[in-house]
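The values are calculated or read from the model by the stated rules, or taken from the named source; none is laboratory data. Everything numeric in this text was worked out from a predicted model, so none of it was measured. Every residue, glycine among them, receives a Cβ derived from its backbone with ideal geometry; neighbour counts consider all protein chains shown. Quick note on the areas: whole protein, heavy atoms, side chains included, nothing else; ligands and nucleic acids left out. Shrake-Rupley method; radii C 1.70, N 1.55, O 1.52, S 1.80 Å.
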Amino acid sequence: MESTLKEMRVGASVLDMDPKSTVGGGVEDVYGEDRATEDLLVTPWTISVASGYTLLRDPQHNKGLAFTEKERDAHYLRGLLPPAIISQQLQEKKLLKTIRQYQLPLQKYSAMMELEERNERLFYKLLIDNVEELLPVVYTPTVGEACQKYGSIFKRPQGLYISLKEKGKVLDVLKNWPRKSVQVIVVTDGERILGLGDLGCQGMGIPVGKLALYTALGGIRPSACLPVTIDVGTNNEELLNDEFYIGLKQRRATGQEYYELLHEFMRAVKQNYGEKVLIQFEDFANHNAFELLAKYGTTHLVFNDDIQGTASVVLAGLLSALKLLGGNIADHTFLFLGAGEAGTGIAELIALEMSRQTKVPLEETRKMIWLMDSKGLIVSSRKDSLQHFKKPWAHEHEPVKGLLDAVQAVKPTVLIGTSGVGRTFTKEVIEAMVFYNEKPIILALSNPTSHSECTAEEAYSWTKGKAIFASGSPFAPVEYEGQVFYPGQSNNTYIFPRPWPGFGHVWELFVFMMICFWQPRKPCPGKLQRSTFQGG
Ligand code: NAI
């Protein structure tokens, strides 16, 4: 022993930074990893069999303390876990208790994300069993705050980042994703995250959250889901000046440079995953959203959630509201505040449904629907300066600037907010709605909660309980003059395209919950009702 220590002391120390020596603590550097330099890259080797310690670190297969005695023996887990065996049910109970103890929504979000990275099965069990409580945690409104702070909560990759740096190598980037049988990709470029605007690379929270719901509500395997964020820069000054910003620090690429990267991505996706993979565009700004949908609609299986998903879920809600009101959808007049992706998408589907039901041409049914943008009511005199997707809504009318004036001019039966601007349904506006209608339908769809056009409480109290109300982000039940009103949530999070079993590339839209247009009522039918309605 004496001589060995002496030899070591006079010999080279294992900590010497001589490039030829090893820093492996005496373990032979078989693959040359310790000698790797920036010029001579050596990819580290890992064991890929999911057993023992590796199994506990593999979120797809890890069960934590739920591994049974037999499994602990079979999978080389003895000694790696404390002796107690805690069933999944008990683990779920414990986690729910912990999550409920957190005061801040973002703490709850982080706890859920950590669980997903640790034990995927438990994460989905918890989410599915408590979907009403946890949906607002993993999706709107909390996901909005999570995106704003994504840089500081980022720990491990939850999806793929494809930036301008990867131009020319997008296929290689896709191959880096460990799961190969991808069926659904939710992709954002981060330019219009909820109603929060340009969050650049930090928009990743949206595809991650939406795909968690694809599994929890849509029944798609987690391994078949791939979240993607395309990073072409950001125009958000705050992020550009933030030394900790995780994305490309440059202004957004536009035009050819933007479309080349998107095109390479779309081609690579098909090449890597085949024809049947569904690509869902999420939270793209409208100057790209409509163009991408039109461009790839005939070559790829694409779906724009903000345009098509929102429209489907709102139409489902309106049809459900008609059960309370009687009559049919063509009896109604609609006014939208906000004429972007959500507004024009919903408007078009309503017009199509009116046309389908009444056999009146689409051009005519569109005339029952009015839209406003930041410049006022969309009318024919503005036609030349309108973006192409607004033109079908430019009806004959004199110009109207404010929302109250528009309500008085159009006398809508349904008022829909899709502007992303909070508190725009003022008391006067809502009172005007109830002045013209016995039961006005009021949908404040903008997200997150702070951008909602009005609160549930305002809608019910200003209409003296007469409004049929739903919002994009959830509101708690409201007590008004001794009655409890349960606001519905109208969010595209409830709609998922699903593969049609046995029909290969055919997908269907599947609404998992009709929004609860119901007032007042006994405690909400509550639990999400699976497969209650199929929309198209
Ligand atoms: P967008 O940017 O495509 O459209 C916004 C529209 O609002 C534009 O027409 C703009 O001119 C108009 N606008 C802006 N400020 C206005 C103002 N002060 N008065 C009148 N109009 C104004 O955005 P997009 O995708 O249509 O989303 C808008 C909002 O809808 C966001 O808050 C988003 O979170 C929400 N949304 C909700 C969904 C749900 O499922 N509940 C789904 C998709 C969007």
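With respect to the numbered conditions (1) of a type outside the set (Phe, Trp, Tyr); (2) within 21 Å of residue 275 (Cα to Cα); (3) open to solvent by less than 30 Å² (accessible area, probe 1.4 Å); (4) not in a helix (DSSP H, G or I), which one is the sole condition not fulfilled by residue 181?
Checking residue 181 against (1) of a type outside the set (Phe, Trp, Tyr); (2) within 21 Å of residue 275 (Cα to Cα); (3) open to solvent by less than 30 Å² (accessible area, probe 1.4 Å); (4) not in a helix (DSSP H, G or I), the one that fails is (3).
So for region 226-239 (the condition being over 19 Å from residue 147 (Cβ atoms) and more than 16 Å from the ligand (Cβ to nearest atom)), does at least one residue qualify?
No, region 226-239 has no match at all.
Scan region 381-405 for residues that are within 15 Å of the ligand (Cβ to nearest atom), surrounded by fewer than 13 Cβ atoms within 10 Å (Cβ to Cβ) and outside any loop (DSSP other than H, G, I, E, B) and jot them down.
Correct list: 385 only.
So which of 414, 484 ends up being open to solvent by 10 Å² or more (accessible area, probe 1.4 Å), away from the ligand (no atom under 12 Å from the Cβ) and under 31 Å from the mean Cα position of the chain (by Cα)?
484
Would you point out which residue out of 220, 246, 185 is of a type in the set (Val, Ile, Thr) and touching a Gly at 6+ places or on another chain (Cβ under 8 Å)?
Only one candidate qualifies: 246.
What's the number of the only condition in (1) farther than 30 Å from residue 150 by Cβ; (2) hydrophobic (A, V, I, L, M, F, W, C); (3) outside any helix (DSSP H, G or I) that residue 50 fails to meet?
Status for residue 50: all satisfied but (1).
Could you run through region 256-291 and say how many residues are over 18 Å from residue 198 (Cα atoms) and within 16 Å of the ligand (Cβ to nearest atom)?
The qualifying residues number 2.
Looking at region 450-461, which of its residues are surrounded by fewer than 21 Cβ atoms within 10 Å (Cβ to Cβ) and either among the aromatic types (Phe, Trp, Tyr) or touching a residue at least 40 places away in the same chain (Cβ under 8 Å) (or both)?
The one that is surrounded by fewer than 21 Cβ atoms within 10 Å (Cβ to Cβ) and either among the aromatic types (Phe, Trp, Tyr) or touching a residue at least 40 places away in the same chain (Cβ under 8 Å) (or both): 450.
Identify all residues within region 55-88 that are surrounded by 13 or more Cβ atoms within 10 Å (Cβ to Cβ) and assigned to a helix (DSSP H, G or I); write none if there are none.
Of everything in region 55-88, those that are surrounded by 13 or more Cβ atoms within 10 Å (Cβ to Cβ) and assigned to a helix (DSSP H, G or I) turn out to be 55, 56, 64, 65, 66, 71, 72, 88.
Give me the pairs: first residue in region 241-254 and over 14 Å from residue 163 (Cβ atoms), second residue part of a loop (DSSP other than H, G, I, E, B), beta-carbon distance under 6 Å, and six or more apart or on different chains, which are they?
From region 241-254, no pairs qualify.
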